[in-house]
Amino acid sequence: MSAEFNVKKLLSNIAILITDKELKVSEVENAIGISAGYLSRMIRKGSDANPSMEIVWKLANYFDISVETLVDGDASNPYDNIRLITAIAKFCKVSTLSGQMEWYPISIDEINEDMRLQEPTLPIIGYVKRCIPKEEPYVDLIPAGVSNHCVGDIGIRSPSFIHAKLYATAPGYKGLFTEENYFHIYQLGGVFHKAQKQKGEEKPSFEEFYEIWLEDIKEKGFDRFHYVCTTKGTDLQLRESVNDLYRTINSSRTDVRLDYRVKELFSTVLNARDNSSGD
């Protein structure tokens, strides 16, 4: 492990997760296949412990979080953003497979048509805030089979990237999350320039990613949409969880039905689930 590896934080996170999940250290040791007492001794040694990356990986896998989150996260907050969203994605996947959560497919044509409206009815146009005109899309960069209908006619600027064009590369889905909320997931693609290299010779690249939004039907207009996350440039555990959720929905082949508010709602849903499963 590198000198920068914070063993004290890692061990603190492990101890907190064991306590939060009401586990015994011996249960965890047995589950990940390490000798009895190994984990107890490691936690007791504190910053003088020297856990291997294999042990760290096994623990992260056991607790269903990424290695990065286990090492650098804050387990004292059971609902930090990445853990919260990955837990919700897993919850939605399980609910989808059991038939408790139903999804409406939203075709690429519907997405494109919505983007032409003065007041869109879908959320994915909402994050286009700082706009700059760009040249026509780099057709040679776009993979075969990707729709040439773009989500927006102008690009968006971020601190490190300029998005020349955004495309709907697959159907979106809208699922009933609670009685008053819909969960939206969209697969998008974009031609990206590195902002600092936009005047240089570096060729832009095409990349696909997912966007998740929450729709509150009690609210009016575009304010009913609340941004949750993107898989572009984010934590590996989050990317894998969201990709897995989309694949689960998409493969079902059935026509079925993190601002603070989203965070509060997700926490409430997960708490209710945990309480009911503990009865």
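Nothing in this text is a laboratory measurement; each read-out follows from the coordinates by a stated rule. Since the model is a prediction, treat every value here as computed from it, not as a measurement. Neighbour counts are summed over all protein chains in view; Cβ atoms, including those assigned to glycine, are modelled from backbone coordinates with ideal geometry.
List of remarks:
- Here the residues 72, 223, 114, ranked from fewest to most Cβ neighbours within 10 Å of their Cβ, fall in the order 223, 72, 114.
- Under-5 Å amide H pairs with residue 177, H placed in peptide plane, nonlocal only: 182, 183
- Anisotropy class of region 7-77 from Cα gyration tensor, a/c 1.5 cut: rounded
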